[in-house]
Amino acid sequence: MQPPTLQIVRPPAAPQPLLRVRDVSLAYRSAARTVRATHEVSFDVHRGDRFVLLGPSGCGKSSLLKAVAGFIAPQSGSIELDGQAVTRPGPDRIVVFQEFDQLPPWKTVLENVMFPLLATGRLARGAARERAQHWIGKVGLGGFEDAHPHTLSGGMKQRVAIARALAMQPEVLLMDEPFAALDALTRRKMQEELGRLWEELRFTLLFVTHSIEEALVVGNRILLLSPHPGRVRAELNSHQFDLHSAGSAGFQEAARRIHGLLFEADGAAPPAAQEQVYRVAI
């Protein structure tokens, strides 16, 4: 009788991140001086993540998003998307900005959503029109295809920008404080609609905000950046929160904890030798 065979069962390997940012330092140079925006920031974004960069003004979160988009080059470090180095902008990374004037005013809603599909040669005109109409409907703007941006509210303009971005089916949707200029009620509505779209489509999102509450509502993972220059202070799991839990005791406690992590030691980044990166669930 043969002795039983010993089998070694190994846990499955963790999936490779879609977006890998490693030790990225960003700086802006002028004739007078060089200003460092971030210092050796690292993080991973996996497919389907709603990953939020959170920090005070001047911590370099928008600069990091622009670097991921390929608009600015790191002073040091590397950025890879699906194993390929990011060196320039591309249709696999589409940005929704804060400003309402990101839509060409002479184009209708339909023409604005079709434009990048045609400009990149992604689709022929007929297919581009069909896809644009689909996404306009997804963001709740059916019937406004022929409207021009100046006739739309701020929230409606952002819906057009989101439809235009999602119509391109990017690997990562990049959003740079897209709801910051909206009034409180419209901002909440847009957060709700973004969550609904993600539940349906499970796209990968990199989202920048300076609002702790918005980070908890939008993200399933949050990277906290210290004040200028931005360093990684903590990485948090926040998948348990959404708009429905925003008034709960757990939500408020998480917000207080994040505030403490962001502004400990009066907001000064700790010396490099003492700096700690926390990875915790809240």
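The values are calculated or read from the model by the stated rules, or taken from the named source; none is laboratory data. Not measured: the values here are computed from a predicted model. Glycine gets a Cβ as well: all are built from the backbone with ideal geometry, and neighbour counts include every protein chain shown.
Within the stretch 141-162, the presence of a residue that is basic (Lys, Arg), in a helix (DSSP H, G or I) and over 15 Å from MET190 (Cα atoms) is excluded. Within the stretch 100-116, identify whether any single residue is over 18 Å from the mean Cα position of the chain (by Cα), part of a loop (DSSP other than H, G, I, E, B) and within 29 Å of ARG20 (Cα to Cα), and answer yes or no. There is no residue in the stretch 100-116 that is over 18 Å from the mean Cα position of the chain (by Cα), part of a loop (DSSP other than H, G, I, E, B) and within 29 Å of ARG20 (Cα to Cα).
Conditions tested, residue by residue: (1) touching a strand residue (DSSP E or B) at 6+ places or on another chain (Cβ under 9 Å); (2) within 30 Å of ARG125 (Cα to Cα).
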{"site": "VAL41", "(1), (2)": "yes, no"}
{"site": "SER57", "(1), (2)": "no, no"}
{"site": "GLY77", "(1), (2)": "yes, no"}
{"site": "ASP82", "(1), (2)": "yes, yes"}
{"site": "PHE97", "(1), (2)": "yes, yes"}
{"site": "LEU103", "(1), (2)": "no, yes"}
{"site": "LYS107", "(1), (2)": "no, yes"}
{"site": "LEU110", "(1), (2)": "no, yes"}
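Look through the stretch 34-70, keep the residues that are among the acidic types (Asp, Glu) and in a strand (DSSP E or B), and return whichever of them is surrounded by the most Cβ atoms within 10 Å (Cβ to Cβ). Looking at the filtered set, the residue picked out is ASP44. Within the stretch 50-86, the set of residues being farther than 15 Å from SER25 by Cα and either at pLDDT below 95 or over 16 Å from the mean Cα position of the chain (by Cα) (or both) comprises GLY55, PRO56, SER57, ASP82, GLY83, GLN84, ALA85. Apart from one condition, PHE203 fits all of (1) farther than 30 Å from PRO74 by Cβ; (2) surrounded by 15 or more Cβ atoms within 10 Å (Cβ to Cβ); the exception is (1).
Within the stretch 102-119, does at least one residue satisfy the condition of being closer than 21 Å to LEU174 by Cα and among the charged types (D, E, K, R)? No, the stretch 102-119 has no match at all.
Residues that are surrounded by fewer than 16 Cβ atoms within 10 Å (Cβ to Cβ) and not small (Gly, Ala, Ser) within the stretch 143-171 comprise ASP146, HIS150, THR151, listed in sequence order.
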